[in-house]
Amino acid sequence: MYQKSKTQQWLNIGEKTQQLYMMILGSGGAGKSMLISAVTETFAHHDSASAKLLALCATTGVATSNIGGRTLHSWAGLRQSAQSSKWMEKTSEQTKKKWRKNMKGKNFVIINKISMANKVVFWCMSEIVGEVQAEEGKGDLHTPFGGMHVIICGDFHQFPPVRNPTSMLYCERPNNSWESALRCSIYQQFKTVVMLTKQLQVKDKVWLNILDCLWIRACTESDLQEIRKLILNNQSEVVTNFTKDPWKDAILIMPRHAICDQWNTEAIRKHCLATEQHMYICSAEDTDRTNDGELSAEVGFEIAQSTEKQMGSLHDRTIVAIRMKAMVVLNMATEADIANGTCGTIYDIILDPREVPRQGEDSTIILKYPPAAIIFKPNGKCNIQFNGLNTGFVPILPSKMTFSVTVRNKMYSISQQQLALTPAYAFTDFKAQAQTIEYVMIDIGQPPSRSLSPS
Amino acid sequence: MATRQQIKESGMVNLVTIQLEEVIQGEVDKVHLRKRMIKSGVSANLDLEKDKWRSLVVMLNMEEQGAHNIIEETLQKELSSENKSIPLSFPKKCIKRARLSNG
């Protein structure tokens, strides 16, 4: 008897703690980020080894920099091709090395802004984490996330995954294959749920009540009347003067890219006239990696026909001006709070040494090369100090992307350099996610393609 | 070639082509250096970190505290199971046999 119990005790030593699948839900301002900070500090407080057990991720760049983590795609080394069949077998050894590097020794992962994660990404992440955990001997391939403790945080009333609302984690459609059933089942494992209901940011009691009612679809007629007061039309009771502060610099949020672009161009023109600054139009610099940098006319024509998405998400043409409001469009350094969606102001433009500026119409200057650097001041905190620059200022250098084009059945590898910046007088609703904006105009019209909610 | 400082002093900030590669490279190096400093700073200033932890945990409301406690409890279990090790005097083949007999 003694022998058996002793053996049992020894065997229990190696047993794993029950896997935690936890979901922390709460509206914006309910304290999710603060809770994540406290949990991070708790891990560091126990000892230096336990701090390394925790990985922090978020689905968007801004949300990532808010919690000091990495984007989900970067941490899990996810690629678009992960959606194809046999993606795991097709994954390169280099990517697998990245998985091991990021996930080695991690026992906990917190994923913020979960509403924007789609089922396929979540499932792929579970498979990848499982693979690494199994390699480390800490878990098995058949358990979601290979036994790693997973904490997801967010608000499913916020934006769904881009372009595909039905891919939201809780949506059970499509349900026509075992793969889709498997993807849905991973979310269903999250049975430890904590709801954060206390609002910490909104102080206005009437508005707070409206937000609470919106969450549970319990708005009354008086709530709707209060909301309708904010709609601008000919019957508006309050007349807003958009030429004076604070509305003079209000941001426009709207679902259509084309209108955002037009609004931004006009806003910069207005800004340049008011401040007597030049407007710089910077073209991207394309070089042919397979032909010593020289770009033939045919290849150049093919690039001109490509869409921005095919070319790696940098803009072919960027407009900048001193003191202009701008937004970063790539995750440059999330640990330094320079992430996709970071807003700020341009304070200086340093031209490329090869540049011979050309005067365009009005006060526009046409540049052949992207500027060598932009001195940018993010609106929020900036935890990096550069020599020669005041606190809070960061240099932004042109970003490099590579893509390929095919001309006469021959593939050319193109390297493109451009500033990963866009004017920030207007931006799309998805870009507004996780932003703190004081005064804002919102287009509440029907989104161009489909509704935001999957139901 | 004018330096950036000279250009700023003379007021010619715009439309001037200047050689800045060295300056920029220096600034890029500093980003990497700073990144290392941020990471090492966590363990270097332990007292400050403890105070930060206390103040953060005290600030949590009951709901947040509940969520925090669930995670901390799991962490403690995880740490205690990792710290325990199988006694060296216990032969490995016995463990294997015991596992088999345990089904």
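So A:A250 clears everything in (1) modelled with pLDDT under 85; (2) in contact with a strand residue (DSSP E or B) (Cβ under 7 Å, 6 or more places away or on another chain); (3) small (G, A, S) except one condition, right? Which one?
Condition (1) is where A:A250 drops out.
I'd like to verify a number: residues in the range A:355-382 that are assigned to a loop (DSSP other than H, G, I, E, B) and within 7 Å of chain B (Cβ to nearest Cβ), how many? Step through it out loud before you land on a result.
In the first step, residues of the range A:355-382 are kept if they are assigned to a loop (DSSP other than H, G, I, E, B); the result is A:355-357, A:360-363, A:368-372, A:379-382.
So of that shortlist, the ones also within 7 Å of chain B (Cβ to nearest Cβ) come out as A:355, A:357, A:372.
So the answer is 3.
Mind checking whether some residue in the range A:326-347 is charged (D, E, K, R) and modelled with pLDDT of 90 or more?
Within the range A:326-347 (the criterion being charged (D, E, K, R) and modelled with pLDDT of 90 or more), the answer is no, since none of the residues qualifies.
Select from the range A:23-71 the residues that are part of a strand (DSSP E or B), free of Cβ contacts under 8 Å to residues at least 60 places away in the same chain and under 24 Å from A:T342 (Cα atoms) and list them in ascending order. Steps first, please.
Just the residues of the range A:23-71 that are part of a strand (DSSP E or B), to begin with: A:23-26, A:54-58, A:70-71.
Adding the requirement that they be free of Cβ contacts under 8 Å to residues at least 60 places away in the same chain leaves A:54-58.
Residues satisfying the conditions are A:A55, A:L56, A:C57, A:A58.
Tell me the residue from A:A297, A:A258, A:A304, A:A284 that is in contact with a Leu (Cβ under 8 Å, 6 or more places away or on another chain) and either modelled with pLDDT of 90 or more or within 27 Å of A:S404 (Cα to Cα) (or both), please. Spell out the reasoning first.
Numbers: A:A297 fails: in contact with a Leu (Cβ under 8 Å, 6 or more places away or on another chain); A:A258 fails: in contact with a Leu (Cβ under 8 Å, 6 or more places away or on another chain); A:A304 fails: in contact with a Leu (Cβ under 8 Å, 6 or more places away or on another chain).
Of the residues listed, the single one that is in contact with a Leu (Cβ under 8 Å, 6 or more places away or on another chain) and either modelled with pLDDT of 90 or more or within 27 Å of A:S404 (Cα to Cα) (or both) is A:A284.
Okay, residues lined up against (1) within 14 Å of chain B (Cβ to nearest Cβ); (2) free of Cβ contacts under 8 Å to residues at least 24 places away in the same chain:
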| position | (1), (2) |
| --- | --- |
| A:W123 | no, no |
| A:G137 | yes, yes |
| A:M148 | yes, no |
| A:A181 | no, yes |
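Does the range A:406-418 include one or more residues that are open to solvent by 10 Å² or more (accessible area, probe 1.4 Å), in contact with an Asp or Glu (Cβ under 9 Å, 6 or more places away or on another chain) and among the β-branched types (V, I, T)?
yes
Pairs only if they're at least six apart or on different chains, beta carbon under 8 angstrom, first in the range A:260-280 and touching a residue at least 12 places away in the same chain (Cβ under 8 Å), second in a helix (DSSP H, G or I) and open to solvent by less than 20 Å² (accessible area, probe 1.4 Å); list them, first residue then second.
A:H278/A:C272; A:M279/A:I268; A:M279/A:C272
Among the residues of the range A:367-391 satisfying the criterion of being farther than 28 Å from A:S415 by Cα and among the β-branched types (V, I, T), which is surrounded by the most Cβ atoms within 10 Å (Cβ to Cβ)?
A:I384
What number goes with the only condition from (1) within 14 Å of chain B (Cβ to nearest Cβ); (2) more than 29 Å from B:E73 (Cα to Cα) that A:P174 does not pass?
(1)
What do you reckon, is A:C171 in a loop (DSSP other than H, G, I, E, B), of a type outside the set (K, R) and open to solvent by less than 30 Å² (accessible area, probe 1.4 Å)? Walk me through how you get there before you give the answer.
Values: in a loop (DSSP other than H, G, I, E, B): yes; of a type outside the set (K, R): yes; open to solvent by less than 30 Å² (accessible area, probe 1.4 Å): yes.
When the stated conditions are applied, A:C171 passes them.
Mind listing whichever residues of the range A:133-155 are over 23 Å from A:V193 (Cβ atoms) and of a type in the set (A, V, I, L, M)?
A:A134, A:L141
Taking the range A:276-328, which residues are within 28 Å of A:V62 (Cβ to Cβ) and acidic (D, E)?
Correct list: A:E285, A:E308, A:D316.
Does A:K101 satisfy the criteria of being open to solvent by 10 Å² or more (accessible area, probe 1.4 Å), at pLDDT 85 or above and out of contact with any helix residue (DSSP H, G or I) (no Cβ under 8 Å at 6 or more places or on another chain)? Full working, then the answer.
On the way: open to solvent by 10 Å² or more (accessible area, probe 1.4 Å): yes; at pLDDT 85 or above: yes; out of contact with any helix residue (DSSP H, G or I) (no Cβ under 8 Å at 6 or more places or on another chain): yes.
Yes, satisfied.
In this structure, is A:I231 open to solvent by less than 100 Å² (accessible area, probe 1.4 Å), aliphatic (A, V, I, L, M) and not in a loop (DSSP other than H, G, I, E, B)? Talk me through it step by step, then tell me what you get.
Working: open to solvent by less than 100 Å² (accessible area, probe 1.4 Å): yes; aliphatic (A, V, I, L, M): yes; not in a loop (DSSP other than H, G, I, E, B): no.
Spelling it out, it is not the case that A:I231 is open to solvent by less than 100 Å² (accessible area, probe 1.4 Å), aliphatic (A, V, I, L, M) and not in a loop (DSSP other than H, G, I, E, B).
Taking the options A:V109, A:V62, name whichever one is hydrophobic (A, V, I, L, M, F, W, C) and modelled with pLDDT under 85. Break it down into steps so the answer makes sense when it comes.
On the way: A:V109 fails: modelled with pLDDT under 85.
When all the criteria are applied, what remains is A:V62.
Identify all residues within the range A:333-354 that are buried (at least 20 other Cβ atoms within 10 Å of the Cβ), in a loop (DSSP other than H, G, I, E, B) and within 12 Å of chain B (Cβ to nearest Cβ); write none if there are none.
Within the range A:333-354, A:D337, A:D352 meet the criteria.
Hey, among the residues in the range A:355-366 that are open to solvent by 40 Å² or more (accessible area, probe 1.4 Å) and not polar (S, T, N, Q), which one's nearest to A:A63 (Cα to Cα)?
At the first step, the residues of the range A:355-366 found to be open to solvent by 40 Å² or more (accessible area, probe 1.4 Å) are A:356-359, A:361-363, A:366.
Next cut, not polar (S, T, N, Q) only: A:356-358, A:361-362, A:366.
Numbers: A:V356: 39, A:P357: 38, A:R358: 40, A:E361: 40, A:D362: 39, A:I366: 35 Å.
Checking each candidate, the answer is A:I366.
The values are calculated or read from the model by the stated rules, or taken from the named source; none is laboratory data. Nothing here was measured: the structure is a model prediction, and the numbers come from that model. Heads up, the Cβs are rebuilt from the backbone with ideal geometry, glycines too, and the neighbour counts pull from every protein chain shown. For the accessible areas, the whole protein counts, side chains as well, though only heavy atoms, and no ligand, DNA or RNA atoms are used. Shrake-Rupley method; radii C 1.70, N 1.55, O 1.52, S 1.80 Å.
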